[in-house]
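J.: Provided herewith is a single structure, encoded as structure tokens, for subsequent inquiry.
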Amino acid sequence: MAAPRGDTRAVGERSIPGGVRMERSILDRVPSLLTDLYQFTMAYAYWRAGRHQDCAAFELFFRQNPFGGGFALFAGLSDCLNYIKTFHFTDEDVDFLRSVLPPATDAAFFQYLRGLDCSGVTLRAVPEGTVVFARVRGSGLWARGGLKGQNCVVCNVLQEPLMEVAGPLVVVQLLETSLLCLVNYASLVCSNAARFRLASGHKRKLLEMGLRRAQGPDGGLTASRYSYIGGFDMTSNVQAGLLFGVPVSGTMAHSYVTSFTSLEEALPKTLVAVNGNRDAVDLISLTKSWLGRVCKLLGADPEKIHDGELAAFLSYAIAYPKNFLPVIDSYSVTCGLLNFCAVALALCELGYRPLGVRLDSGDLCKQSLDVRSVLRLCSEHFSISAFDSLTIVGSNNISEQTMVELNTKENEIDVVGVGTHLVTCTKQPSLGCVYKLVEVQGKPRMKISEDPEKSTVPGRKAVYRLIDADGYPFLDLLCLALESPPEAGRPVSCHPLGTCDTPLTVTPAEVTCLRQEMFTKGQVTQPLSSAAQSKEQVQQSLQKLHPRHKRLQEPDSYTVALSEKLHMLARDLRRGITNKNNVVSPN
């Protein structure tokens with residue numbers, strides 16, 4: 001597989017810090033009324049019952065790893081923090097709620113809503129960009145240990161909480177839908193992008209270009225940001241560059257090429273050389289001369305050249321002589337390559353360095369080999385070394401499977417443009433995050449559903465990642481918040497999926513506390529991550545993960561387990577034999 005060649009930047013690529021604009025974008029796109037009506041009907045009922053100030057805690061989690069993989073990436077945290085930091089209802093919001101809630105709703109409730117904010121809310125979460133795991137169907141760790149346990153409904157409902165939101169019951173209830181909206185798609189598309197990156201390897205550059213196929217403007221913006229965080233290098237989305245500082249890139253479409261019909265339309269006709277000579281050179285005449293030489297070298301007939309395509313290339317090269325990277329398959333790759341070489345060689349003679357070509361149809365692998373062969377031949381024959389390393393961009397309905405095949409077939413593609421399958425997540429359209437109550441007034445709460453998979457794990461928790469002697473995470477442990485944390489070098493008893501009364505004992509070489517306090521008393525308590533910082537966190541988190549958990553197909557299951565005390569609490573609540581106050585001692 002070829003390594004990237006040359007400068008992969010195209011017209012307009014740049015990186016702009018977008019912190020303030022990003023925050024403004026969240027406020028504009030996620031107002032406080034962007035939620036479900038039943039949040040307000042429940043809020044009113046709580047208020048009427050005098051329970052609106054009860055201290056409650058909810059957890060946000062997902063139940064299955066996406067795309068049949070072994071992991072997911074947590075994303076959307078910065079958006080959530082920006083959202084709750086300014087959460088409030090305006091007079092206009094309250095007036096609208098008066099019109100949609102039942103007429104019998106007490107007028108004092110609307111005045112109560114007008115004064116709501118998140119000053120009493122505490123949010124704890126794993127850092128954005130962290131690898132996380134859902135409930136799994138079988139514990140690889142348990143199986144490798146040769147142990148077997150009885151089927152245990154409690155352990156079969158394991159889920160790893162990404163976020164805990166605690167505070168007044170009405171407020172944390174009202175946050176549910178918006179927080180889910182901000183996390184669900186962001187985490188899904190970030191995980192999808194990471195899979196594309198794993199499929200591609202790290203030699204090629206990846207360009208996200210899915211805005212026109214995304215589910216609306218906000219879906220497009222979210223996809224551009226979180227594809228970059230998940231491992232892509234750049235986006236075609238200019239607004240994402242402005243708001244989030246994602247590098248942007250792009251050159252021309254087929255429509256630009258087909259809009260030209262003759263060389264007379266290539267205006268202006270001249271270009272000044274790089275060497276400082278102010279005398280403009282007739283680029284059209286110079287290109288015609290080079291076209292004859294290229295056709296002779298390749299045994300091609302100059303009469304079969306498409307003049308409109310050549311005119312389009314010339315016009316673009318005159319406009320952007322330092323960023324010349326056209327799409328060459330508007331008519332045929334053979335014709336387009338001849339025209340490109342003629343224009344690019346003329347630019348080289350004037351001291352400019354063309355960037356490369358884009359292929360957008362047909363067998364990209366074979367075409368890239370043919371293109372590279374011609375570029376090398378021109379480089380050798382005309383003694384222009386830069387031609388050998390020009391960039392070849394491939395784009396044509398690229399899927400994850402396409403990326404895998406690029407690693408198994410010989411090709412010369414340096415940059416891959418991905419759109420539809422990335423931003424729409426065609427393999428799995430939803431992550432399925434949920435937001436469930438786990439504690440009220442210090443008492444654990446548990447949903448016990450007729451569908452065991454929808455049951456929840458009760459109580460406020462701490463989440464620890466256990467690391468083995470080789471530096472790889474091997475188990476995430478859920479404990480009650482008041483439990484003593486596990487310690488490196490000391491045995492830990494826990495209950496992974498599929499085990500019941502017989503616990504598993506493991507000894508970590510290192511322990512990391514995953515959950516951190518991110519928001520309290522109306523203030524964000526950790527620095528908000530930029531897209532670039534979150535991208536770095538993703539790469540660090542993935543690098544630490546064992547390769548068997550990162551396999552795109554049939555990965556080993558990562559183990560998520562309950563501590564002994566949390567397992568007992570869940571079991572006792574299910575059986576209905578908790579003590580009088582439903583409280584478990586931390587000791």
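The values are calculated or read from the model by the stated rules, or taken from the named source; none is laboratory data. All values derive from a computational prediction rather than experimental measurement. Cβ: placed from backbone, ideal geometry, glycine included. Neighbour counts: every protein chain shown. Accessible surface is based on the protein model in full, side chains and every heavy atom, while ligands, DNA and RNA are left aside. Shrake-Rupley method; radii C 1.70, N 1.55, O 1.52, S 1.80 Å.
J.: Output the relative contact order of the stretch 207-276, whole-number percent, from Cα pairs under 8 angstrom with separation of 6+ residues.
T.: Relative contact order for the stretch 207-276 comes out at 24 percent.
J.: How much net charge surrounds Asn396 when only other residues with a Cβ under 13 Å from its Cβ are counted (Lys, Arg +1; Asp, Glu -1)?
T.: Here the charged neighbours net out to -2.
J.: Okay, moving on. What's the ranking of 116-126, 559-569, 438-448 by average number of surrounding C-beta atoms within 10 Å, highest first?
T.: 559-569, 116-126, 438-448
J.: Quick check on packing: order 347-355, 403-411 by the mean number of other C-beta atoms within 10 Å, highest mean leading.
T.: 347-355, 403-411
J.: A follow-up question, please. For the stretch 62-107, with all protein chains present and a 1.4 Å probe, just round the carbon and sulfur fraction of the accessible area to a whole percent.
T.: 56 percent
J.: While we're looking at this one, here's another question. Compute the accessible area per residue over the chain, keeping the other protein chains in place, probe 1.4 Å, unit Å².
T.: In whole numbers, the chain has 42 Å² accessible per residue.
J.: Now a separate question. Between Thr502 and Thr261, what is the label-to-label distance in nm when each label sits 7 Å out along the Cα-to-Cβ direction?
T.: Label at Thr502, label at Thr261, 8.2 nm between them.
J.: Just add up the charged neighbours of Val121: K/R +1, D/E -1, any other residue whose Cβ is under 15 Å from the Cβ of Val121.
T.: Computed value for this residue: -3.
J.: In percent, what relative contact order does the chain have, based on Cα pairs under 8 Å that are 6 or more apart in sequence?
T.: Value for the chain: 24 percent.
J.: Given a cut-off of under 8 Å on Cα pairs at least six residues apart, what relative contact order in percent is computed for the stretch 168-317?
T.: Reported as a whole number, the value is 18 percent.
J.: For Lys565, which aspartates and glutamates qualify as cross-link partners when the Cα separation must be under 13 Å and same-chain residues fewer than eight apart are set aside?
T.: Straight-distance partners of Lys565: Glu483, Asp501.
J.: Just grab the label-to-label distance for Lys427 and Ser383, each label 7 Å out from Cα along the Cβ direction, in nm (one decimal).
T.: 5.1 nm
J.: Return the sequence-ordered ³J(HN,Hα) values of the stretch 383-399 in whole Hz as given by the Karplus equation 6.51 cos²θ - 1.76 cosθ + 1.60 applied to θ = phi - 60°, using x for Gly and Pro.
T.: Once θ is set to phi - 60°, the couplings for the stretch 383-399 become 6, 10, 4, 4, 5, 6, 10, 5, 7, 10, 9, x, 8, 4, 6, 6, 10 Hz.
J.: If you don't mind, there's one more thing I want to ask. Ranked from highest to lowest mean number of other Cβ atoms within 10 Å per residue, what is the order of the peptides 51-61, 172-182?
T.: Packing order, densest peptide first, comes out as 172-182, 51-61.
J.: For Leu359, what charge total do you get from the other residues with a beta carbon under 13 Å from its beta carbon, if Lys and Arg give +1 and Asp and Glu give -1?
T.: Net local charge, Leu359 excluded: -3.
J.: Non-local amide H neighbours of Thr391 (under 5 Å, H modeled in plane, Pro and chain starts lacking H): which ones?
T.: Gly356, Val357
J.: Helix-derived [θ] at 222 nm for the chain: sum -39500 (n - 2.57) over DSSP H runs of at least 4, divide by residue count, nearest 500?
T.: -11000 deg cm²/dmol
J.: Taking 0.36 nm per residue of sequence separation and subtracting the Cα-Cα distance, how much length would be gained by fully extending the chain between Glu92 and Ala49, in nm to one decimal?
T.: 12.9 nm
J.: Which whole-Hz couplings ³J(HN,Hα) result when phi for each residue of the stretch 20-27 is put into the Karplus expression 6.51 cos²θ - 1.76 cosθ + 1.60, θ = phi - 60°, listed in order with x for Gly and Pro?
T.: Running phi through 6.51 cos²θ - 1.76 cosθ + 1.60 with θ = phi - 60° gives 5, 5, 4, 4, 4, 4, 5, 4 Hz.
J.: In terms of the Cα gyration tensor, with a ≥ b ≥ c the square roots of its eigenvalues, is the stretch 422-474 rounded because a/c is under 1.5, prolate because a/b exceeds b/c, or oblate?
T.: Since a/c reaches 1.5 but b/c is at least a/b, the shape of the stretch 422-474 is classed as oblate.
J.: Please give the solvent-accessible surface of Leu482 in Å², to the nearest 10, using a probe radius of 1.4 Å with every protein chain present.
T.: Number for this one is 130 Å².
J.: Right, here's the next one. Contour minus end-to-end for Leu34 and Ala104, with contour as 0.36 nm per residue of separation and end-to-end as the Cα-Cα distance?
T.: Length gained, Leu34 through Ala104: 22.9 nm.
J.: Also, I was wondering about something else. If each residue of separation counts as 0.36 nm, what is the full-extension length gain between Asn397 and Thr41 once their alpha-carbon separation is subtracted?
T.: Extra length available between Asn397 and Thr41 comes to 123.7 nm.
J.: So, one more: Starting from the residue with the highest accessible area, list Phe340, Phe96 in decreasing order, probe 1.4 Å.
T.: Sorted descending by solvent-accessible area, the residues read Phe96, Phe340.
J.: Residues with amide H under 5 Å of Phe324's amide H, sequence separation 5 or more or different chain, H placed in the peptide plane at 1.01 Å from N; which?
T.: Close amide H contacts, sequence-distant or interchain: Leu355.
J.: Moving on to the next point. Tell me the carbon and sulfur percent of the accessible area for the stretch 212-323, rounded to whole percent, probe radius 1.4 Å.
T.: 52 percent
J.: Using 31 Å as the Cα-Cα cut-off, could you pick out the over-long pairs in Lys205/Lys288; Lys203/Lys436; Lys427/Lys535; Lys296/Lys366?
T.: Violating the 31 Å Cα-Cα cut-off are Lys205/Lys288; Lys203/Lys436.
J.: Whole-Hz Karplus ³J(HN,Hα) for the stretch 315-324, in order, using 6.51 cos²θ - 1.76 cosθ + 1.60 and θ = phi - 60°, x for Gly and Pro?
T.: 4, 5, 5, 5, 6, 9, x, 9, 9, 7
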